[in-house]
Amino acid sequence: MLTQTQKNRVEELLSQMTLDEKIGQMNQESPSIVGGFDVPFPELIEMLNDGRITQEEFGKIMSTAERDFHEDDIRAGLVGSMMGDDPVKANELQKIAVEESRLGIPLIMGFDVIHGLRTVYPIAIAEAGSFDENLFERTARVAAKESRAHGINWNFAPMLDVARDSRWGRVSEGPGEDPYLASVFAGAKIRGLQGDRSSVENYVAACMKHYIAYSACESGRDYNTTSMSVSQLYNVYLPPFRAAVEAGALTAMASFNDLNGVPCTVNRWTLRDILKGSLQMPGFVVSDANGIRECVTHGIAEDDADAGVQAANAGLDMDMGTHIFRDHLRKAVEDGKVSMDVIDDAVRRILSVKMWLGLFDHPYVPEETIRSNAVIPDEHRAVALEAAKKSIVLLKNEGQVLPLDRSRKISLIGNLADMSEEVIGAWAMSWKREDCVTIRSGLENAGANVTYYPCGGPEGEIDFAQVEKACREGDVVVAVVGELVSMSGEASSKADTRIPGKQREMLQAVLESGKPLVTVLMNGRPLALKWEKENLPVLVEAWHLGIEMGNAVAAVLMGDENPGGRLASTMPAMTGQCPIYYNHPNTGRPGSKSKFTSKYLDAPLGPAFPFGYGLSYTTFAYSGLTVEELEDGYQIGVTVKNTGDRTGTETVQLYMQDVTASLVRPVRELRGFRKVTLEAGEEQRVVFLLQKKNLGFWNNQGTYVTEDGLYVFYVGANSEDCLCERVMVKF
Ligand code: GLC
């Protein structure tokens with residue numbers, strides 16, 4: 001991570017630091033709200049929570065309130081990190097730290113840049129569906145460059161929570177339900193964020209989160225308890241973090257949840273034994289917001305001081321937002337509850353990341369770089385458009401209604417089609433309205449003959465007169481329905497994951513009119529789509545695609561882009577099926593028509609649409625699956641043919657099954673994918689090399705094992721439709 005010279009500089013600095021200055025490095029501040037209203041900030045939050053003030057009133061108060069940037073604490077060397085996205089303010093604060101504090105240690109400036117900063121690209125669950133590793137890296141590289149230009153040198157990203165329960169709102173922020181795809185996503189994101197060391201303006205420190213198993217919250221309810229076996233943790237939730245560390249990830253964020261009874265903020269097993277021990281992550285761990293204080297609420301710590309002691313000793317290095325380290329660690333050291341070695345290890349890790357970032361030699365954002373923030377570079381916007389196009393999933397296209405002919409008059413309905421703020425997704429913090437292209441604007445930009453009718457959206461009533469007018473006046477109706485951005489993301493779990501409000505009634509009205517209907521979904525979570533699958537002839541999953549959403553959706557609807565996205569998460573038929581995912585164990589009674597099998601009386605056996613699923617404007621056929629044993633693995637080949645009438649891109653997927661093992665294993669596990677673009681009539685031999693070592697799994701002793709026996713290799717267009725070959729494997 002560091003050169004020897006850099007290591008020496010870190011040690012030299014550490015040797016000069018007082019205990020207070022060391023603890024200062026372990027303290028992260030964010031601009032706190034003071035003044036501007038007549039109640040303390042915590043009271044204001046309570047007023048919001050209990051409805052004494054509305055969200056709008058809260059926002060207005062917040063916009064007028066002054067902010068305390070803790071300049072005096074920075075000057076005294078008591079702050080190691082700040083949050084923010086304003087480069088001018090960042091330079092001001094950095095100048096205090098570097099030129100006015102005793103040792104001049106620069107701040108590390110952190111911010112949530114999950115799917116882009118100014119150039120907002122698709123939310124992760126959508127981008128993961130592009131199955132495009134190179135794209136994952138390129139979007140992250142754009143985010144890193146824009147971050148540095150805004151004074152941010154530490155991104156609280158990538159979010160790597162493998163999620164199987166779409167009731168959980170944060171499923172939108174992560175790379176879907178599969179550990180292998182999530183691991184490919186993780187490695188690419190780390191390389192994109194940290195990889196271009198040619199200039200300090202091109203890379204940031206990544207912060208893989210939320211470590212760990214936060215997405216396994218019981219009932220899909222955010223912040224809820226999690227419990228699982230060692231093998232489940234190692235086989236499902238740990239792989240993307242392992243891949244991120246292998247790619248060089250320098251920091252991690254401990255998650256809110258308790259895991260098997262121990263909150264991840266104070267979990268020595270996951271922090272010291274696994275992350276810093278087995279995985280050897282060289283950087284530091286930051287708590288999630290307020291995470292240390294919440295350990296008192298969890299019931300694992302007597303009080304703030306106790307929580308701080310437990311966190312530091314468990315391997316938590318930086319305190320986000322509670323001041324508990326700042327206020328209690330000195331006494332903890334004096335009382336012998338926390339050793340100086342623990343403090344020094346934490347501070348060494350923090351200083352090392354700052355050194356790696358070049359902050360000691362280049363602490364400020366150059367003025368000309370700040371000026372360059374005025375506009376989005378064309379190449380950034382181009383990446384956002386490419387990512388948006390590749391993330392769109394065609395779920396149904398009965399009667400080949402799509403692509404639309406430009407001669408046809410389009411009636412566009414659904415408020416989401418015309419709301420800039422709804423294209424950006426749940427974690428866009430620095431977007432500008434003028435940058436965003438709505439679906440309405442995108443269709444207009446594409447020269448479509450489109451008229452927009454404001455009929456209603458995810459909330460409120462539907463104007464059926466407008467719907468009737470739209471049906472009467474257009475040749476085809478394009479309905480954009482789904483979720484507001486606020487309906488997914490953090491603290492947005494839902495017990496009913498159907499399309500919200502009365503949007504289905506709007507769709508039903510169009511169906512009854514007999515007019516051709518194209519339905520475009522804008523949503524953060526996989527929705528329960530039983531009715532839509534059964535009743536809608538054409539269905540396009542467009543997620544929240546970022547600033548270029550409108551142009552991307554228009555390109556697909558008008559046929560300029562042949563959709564190639566696939567589902568990175570299973571789409572349930574009904575909410576009650578959650579958690580539902582493709583890589584499930586077989587059970588002793590796999591669901592079937594027989595009564596006494598694993599299924600529901602009131603729901604279909606399977607999902608609405610499975611992991612890996614997606615259609616194209618052309619068709620593909622698979623044939624000639626072969627498996628050839630090599631020295632240390634298998635060469636698995638298949639022929640894919642474009643059997644349609646236009647060029648298209650297919651994502652060929654390789655799955656495995658360990659049929660009989662010392663632990664029950666999933667019926668399928670993704671082990672590879674390849675995107676192939678084929679012209680009409682063209683066919684190509686696609687070959688995967690699967691090493692034997694990748695056929696194994698982690699057992700409940702935390703040991704990776706490979707076991708002789710029968711395996712099945714599957715190759716196909718998604719996790720259900722595959723050719724397969726049985727192979728006896730001997731290690
Ligand atoms: C939030 C989120 C985390 C984010 C942090 C800082 O509560 O859980 O993902 O990075 O706070 O904003």
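What the table shows:
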{"item": "Members of the stretch 284-300 found to be of a type in the set (V, I, T) and within 25 Å of the chain's Cα centre (by Cα), listed by number", "result": "V285, V286, I292"}
{"item": "Any hit, the stretch 139-151, residues being at positive phi and more than 13 Å from the chain's Cα centre (by Cα)", "result": "yes"}
{"item": "Filter result for M228 (in contact with a strand residue (DSSP E or B) (Cβ under 8 Å, 6 or more places away or on another chain), among the aliphatic types (A, V, I, L, M) and surrounded by fewer than 20 Cβ atoms within 10 Å (Cβ to Cβ))", "result": "yes"}
{"item": "Checklist (1) more than 16 Å from the ligand (Cβ to nearest atom); (2) in a loop (DSSP other than H, G, I, E, B) applied to A249, failing item", "result": "(1)"}
{"item": "Matching residues in the stretch 562-598 - criterion: being surrounded by fewer than 18 Cβ atoms within 10 Å (Cβ to Cβ) and basic (K, R)", "result": "R589, K593, K595"}
{"item": "Residues being in contact with a helix residue (DSSP H, G or I) (Cβ under 8 Å, 6 or more places away or on another chain) and touching a residue at least 12 places away in the same chain (Cβ under 8 Å) - total across the stretch 293-324", "result": "22"}
{"item": "Odd one out for R191, checked against (1) under 19 Å from A254 (Cβ atoms); (2) away from the ligand (no atom under 13 Å from the Cβ)", "result": "(1)"}
{"item": "L690 vs. criteria at pLDDT 95 or above, crowded, with 19+ Cβ neighbours inside 10 Å and touching an Asp or Glu at 6+ places or on another chain (Cβ under 9 Å)", "result": "no"}
{"item": "Test: residue in the stretch 673-691 that is of a type in the set (G, A, S) and on the phi > 0 side of the Ramachandran plot", "result": "yes"}
{"item": "Candidate set from the stretch 252-274 (those that are closer than 22 Å to L351 by Cβ and either over 21 Å from the mean Cα position of the chain (by Cα) or away from the ligand (no atom under 16 Å from the Cβ) (or both)); member that is surrounded by the most Cβ atoms within 10 Å (Cβ to Cβ)", "result": "L271"}
{"item": "Filter result for D112 (of a type in the set (D, E), within 16 Å of the ligand (Cβ to nearest atom) and modelled with pLDDT of 95 or more)", "result": "yes"}
{"item": "Residue in the stretch 214-222 that is touching an Asp or Glu at 6+ places or on another chain (Cβ under 7 Å) and surrounded by fewer than 24 Cβ atoms within 10 Å (Cβ to Cβ) present", "result": "yes"}
{"item": "Subset of the stretch 627-636 [out of contact with any Phe, Trp or Tyr (no Cβ under 6 Å at 6 or more places or on another chain) and surrounded by 15 or more Cβ atoms within 10 Å (Cβ to Cβ)]", "result": "G633, Y634"}
{"item": "The stretch 290-322: number of residues that are surrounded by 18 or more Cβ atoms within 10 Å (Cβ to Cβ) and not in a helix (DSSP H, G or I)", "result": "13"}
{"item": "Tally of residues being within 18 Å of T649 (Cβ to Cβ) and part of a strand (DSSP E or B) across the stretch 707-729", "result": "2"}
{"item": "2 or more residues out of contact with any Gly (no Cβ under 8 Å at 6 or more places or on another chain): qualifying strands (runs of 3 or more DSSP E) within the stretch 1-117", "result": "32-34, 66-68"}
{"item": "Scope the stretch 52-71; condition closer than 23 Å to V286 by Cβ and either more than 16 Å from the ligand (Cβ to nearest atom) or crowded, with 16+ Cβ neighbours inside 10 Å (or both); matching residues", "result": "D68, F69, H70, E71"}
{"item": "Where L329 falls short, out of the listed (1) under 30 Å from G612 (Cβ atoms); (2) touching a helix residue (DSSP H, G or I) at 6+ places or on another chain (Cβ under 7 Å); (3) buried (at least 24 other Cβ atoms within 10 Å of the Cβ)", "result": "(1)"}
{"item": "Lone unmet requirement of (1) at pLDDT 95 or above; (2) over 30 Å from T651 (Cβ atoms); (3) within 16 Å of the ligand (Cβ to nearest atom) for G84", "result": "(1)"}
{"item": "Residue ranges of helices (runs of 4 or more DSSP H) in the stretch 325-420 with at least 3 members touching a residue at least 40 places away in the same chain (Cβ under 8 Å)", "result": "340-356, 378-391"}
{"item": "Which numbered condition P282 misses (of (1) touching a residue at least 40 places away in the same chain (Cβ under 8 Å); (2) closer than 16 Å to R272 by Cα; (3) crowded, with 19+ Cβ neighbours inside 10 Å)", "result": "(3)"}
{"item": "Residue match in the stretch 179-200 (condition: surrounded by fewer than 20 Cβ atoms within 10 Å (Cβ to Cβ), touching a residue at least 60 places away in the same chain (Cβ under 8 Å) and farther than 27 Å from P610 by Cβ)", "result": "yes"}
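Residue-by-condition table, conditions (1) assigned to a helix (DSSP H, G or I); (2) within 26 Å of the chain's Cα centre (by Cα); (3) on the phi > 0 side of the Ramachandran plot; (4) outside the structural domain of W431 (by TED's automatic domain parsing):
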residue	(1), (2), (3), (4)
S486	yes, yes, no, no
G489	no, yes, yes, no
K494	no, yes, no, no
R498	no, yes, no, no
G501	no, yes, yes, no
T519	no, yes, no, no
L545	no, yes, no, no
N551	yes, yes, no, no
P563	no, yes, no, no
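The values are calculated or read from the model by the stated rules, or taken from the named source; none is laboratory data. Predicted model, so just to flag it, every value in this text is computed and none were measured. Positions of Cβ are generated from backbone atoms using ideal geometry, with glycine treated the same way; all protein chains shown enter the neighbour counts.
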